[in-house]
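Here's the structure, in structure tokens; my notes come after.
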Amino acid sequence: MRVFLELSIVDCLKRIGKLEPLAAQLKKSGKLRYSVPTLSQLVPEIKAIAKPRLSGAEMNKINKALSSDKSVPFNIADLNAFVHDSDLPSARDIQQFWLRTEPLFRMMLEQDLEDDAQ
């Protein structure tokens, strides 16, 4: 799910012409380690794009899901940790993350978002 999230963000930003400027800005500041920004560098950009398009309640859920705050149950930091830990998420954990991020995925994967960028 974490990889799907990252690939979806990259695809969305690329389609609407926001990926290259972000990568150029990070490269200029010496913060681009690879050819594509990291997930932590992508998240603020996609949240800024989502904020005017989604409801306040949806953004609240998305902010919690994409937070690294340890007090927020099952968030992006937890997804990252599963890569390096033998303790795997439960079906309920994954479902909760999906419910929090589904509006963001819908927004990113809709093709008409490209029209908004014009």
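Numbers at a glance
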item: Members of region 62-89 that are touching a residue at least 40 places away in the same chain (Cβ under 8 Å) and assigned to a loop (DSSP other than H, G, I, E, B); result: VAL83
item: Number of positions in region 1-17 that are farther than 18 Å from ILE76 by Cβ and open to solvent by 90 Å² or more (accessible area, probe 1.4 Å); result: 1
item: Hey, MET59 surrounded by 12 or more Cβ atoms within 10 Å (Cβ to Cβ), touching a helix residue (DSSP H, G or I) at 6+ places or on another chain (Cβ under 7 Å), in contact (Cβ under 8 Å) with a residue 40 or more places away in the chain and in a helix (DSSP H, G or I) or not; result: no
item: Filter pass, PHE4 being in a loop (DSSP other than H, G, I, E, B), out of contact with any Ser or Thr (no Cβ under 6 Å at 6 or more places or on another chain) and of a type in the set (Phe, Trp, Tyr); result: no
item: Looking only at region 66-118, and only at residues there that are open to solvent by 40 Å² or more (accessible area, probe 1.4 Å) and among the aromatic types (Phe, Trp, Tyr), the one that is nearest to LYS47 (Cα to Cα); result: TRP98
item: Complete set of residues in region 19-56 that are open to solvent by 80 Å² or more (accessible area, probe 1.4 Å) and either part of a loop (DSSP other than H, G, I, E, B) or modelled with pLDDT under 95 (or both); result: LYS31, ARG33, TYR34, SER35, SER40, LYS51, PRO52, ARG53
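The values are calculated or read from the model by the stated rules, or taken from the named source; none is laboratory data. Computed from a predicted model, the values in this text were never measured in an experiment. Cβ atoms come from the backbone with ideal geometry, glycine included; neighbour counts cover every protein chain shown. Quick note on the areas: whole protein, heavy atoms, side chains included, nothing else; ligands and nucleic acids left out. Shrake-Rupley method; radii C 1.70, N 1.55, O 1.52, S 1.80 Å.
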